[in-house]
Amino acid sequence: PAAPSWAQQSQPQEQQQPVVPWKPPVDDLFVQAARAQASARPAGLGRRLLARLVDTLVLGALVGAAAFPLVTAALDHIDGKIEAAKQSGATVQVWLVDGTTSVQFGIALAAFLVIGVLYEVLPVAKWGRTLGKKLCGIEVRDIEAHQPPRFGAALRRWLVYGVLGLLAIGVLNVLWCLFDRPWRQCWHDKAARTFVAR
């Protein structure tokens, strides 16, 4: 028996539909990013050291360029006072810090703080990394959220690092990560509740 006319017309339409191959389900991009963030592990000590060396050189060059004229002027002022005391022939007390040198050293310290915030704190708070950390493929993350730390935590982290460095116990701070488990935190990381991730 012949097929009805309506069935004959529907067959070509069914044959024209393309066959779509089965694809495995793909995670949402946000889910992938969250999973990668949560699986972050502490960075290797070699990368951290190299990143810190790069950052120290860059920050030192910037601060040195800004502070050099001020420190030079302060040292010249001190030398002038010492020379004047020698020429007087009398035994006099020479104050190394006076109204002139305190202002110059104060401005140099302020330059260090401002440049440090611009170079270290803001990039860490925004992207989790400085230039040195970016070159070495590591970043600073909040220990709970696994995201870049907030500005306050990034500032606290950098200030603790800087103050400990000025007090000459910065070496102990840096060496602490050799023994710390599981996050390999230095003291400045503990103060900011951060860790350095790869």
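The values are calculated or read from the model by the stated rules, or taken from the named source; none is laboratory data. Predicted model, so just to flag it, every value in this text is computed and none were measured. We place every Cβ from the backbone using ideal geometry, glycine too, and count neighbours over all the protein chains shown. Calculation scope for accessible area: heavy atoms of the full protein, side chains included, ligands and nucleic acids excluded. Shrake-Rupley method; radii C 1.70, N 1.55, O 1.52, S 1.80 Å.
Filtered by the rule that a residue be open to solvent by 80 Å² or more (accessible area, probe 1.4 Å) and part of a helix (DSSP H, G or I), the range 74-102 gives Leu75, Asp76, Asp79, Glu83, Lys86, Gln87. For the range 131-182, a residue qualifies if it is open to solvent by 80 Å² or more (accessible area, probe 1.4 Å) and within 10 Å of the chain's Cα centre (by Cα), and the qualifying residues are Leu131, Lys134. Among the residues of the range 47-73, those that are under 17 Å from Trp158 (Cα atoms) and open to solvent by less than 50 Å² (accessible area, probe 1.4 Å) comprise Arg48, Ala51, Arg52, Val54, Asp55, Val58, Leu59, Gly60, Val63. Regarding Val63, is this residue aliphatic (A, V, I, L, M), over 22 Å from Ala197 (Cα atoms), out of contact with any Gly (no Cβ under 7 Å at 6 or more places or on another chain) and at pLDDT below 85? Judged against the criteria, Val63 is not a match.
The set of residues from the range 103-130 being closer than 14 Å to Ala197 by Cβ, open to solvent by less than 30 Å² (accessible area, probe 1.4 Å) and outside any loop (DSSP other than H, G, I, E, B) comprises just one member, Val124. Among the residues of the range 183-198, those that are open to solvent by 70 Å² or more (accessible area, probe 1.4 Å), touching a residue at least 12 places away in the same chain (Cβ under 8 Å) and either out of contact with any helix residue (DSSP H, G or I) (no Cβ under 6 Å at 6 or more places or on another chain) or in a loop (DSSP other than H, G, I, E, B) (or both) comprise Arg193, Arg198. Across the range 80-133, the number of residues qualifying as within 26 Å of Arg48 (Cα to Cα) and among the charged types (D, E, K, R) comes to 4.
Taking the range 156-198 as the region of interest, how many residues are of a type in the set (A, V, I, L, M) and in contact with a Ser or Thr (Cβ under 7 Å, 6 or more places away or on another chain)? Number satisfying all stated conditions: 0.
Among the numbered conditions (1) of a type outside the set (Phe, Trp, Tyr); (2) exposed (fewer than 10 other Cβ atoms within 10 Å of the Cβ); (3) modelled with pLDDT of 65 or more; (4) in a helix (DSSP H, G or I), the only one that Ala7 does not meet is (3).
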